[in-house]
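Asks: First the structure, which I've put down as structure tokens, then a few questions once you've had a look.
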């Protein structure tokens, strides 16, 4: 239960922290991820990247490490979710094709949605 309150506190602090603090904390978390991931997991990720993208071992290792470092930014962004609301989410998210979803709902048909994230 203590961990929950720690995460809530960190979330609140990140919601009010200036950008340079958030970026520094994100870089710190990304660095921890790079060190904390077991070697076998990193090797598996590199092998998958090499096979899927057809890149060299060096490039696959670089991509895998960059992915882990970006993990820190993602965590910081998620911890700032309490700031999102219907009025400001449009500044961060672009929605294309909403009319198709609305049309399907009006016909009382089921909808399967697939979305990407970057």
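Asks: Here is a list: 79, 84, 92. Which entry is modelled with pLDDT of 95 or more and under 20 Å from the mean Cα position of the chain (by Cα)?
Replies: Numbers: 84 fails: modelled with pLDDT of 95 or more; 92 fails: modelled with pLDDT of 95 or more.
Residue meeting the stated conditions: 79.
Asks: Would you mention how many residues in the range 50-80 are free of Cβ contacts under 8 Å to residues at least 12 places away in the same chain and in a helix (DSSP H, G or I)?
Replies: Qualifying residue count, the range 50-80: 12.
Asks: For the range 85-93, state whether one or more residues are surrounded by 16 or more Cβ atoms within 10 Å (Cβ to Cβ) and either in contact (Cβ under 8 Å) with a residue 12 or more places away in the chain or not in a helix (DSSP H, G or I) (or both).
Replies: no
Asks: Which condition breaks for residue 43 when tested against (1) closer than 18 Å to residue 70 by Cβ; (2) without any contact (Cβ under 8 Å) to a residue 24 or more places away in the chain; (3) surrounded by fewer than 16 Cβ atoms within 10 Å (Cβ to Cβ)?
Replies: Going through (1) closer than 18 Å to residue 70 by Cβ; (2) without any contact (Cβ under 8 Å) to a residue 24 or more places away in the chain; (3) surrounded by fewer than 16 Cβ atoms within 10 Å (Cβ to Cβ) one by one, residue 43 breaks only (1).
Asks: If you don't mind, another one. Do we have any residue at all in the range 60-74 that's loosely packed, with under 10 Cβ neighbours inside 10 Å and at pLDDT 95 or above?
Replies: No, because not a single residue in the range 60-74 is loosely packed, with under 10 Cβ neighbours inside 10 Å and at pLDDT 95 or above.
The values are calculated or read from the model by the stated rules, or taken from the named source; none is laboratory data. Not measured: the values here are computed from a predicted model. Note that each Cβ is placed from the backbone with ideal geometry, even for glycine, and that neighbours are counted across all protein chains shown.
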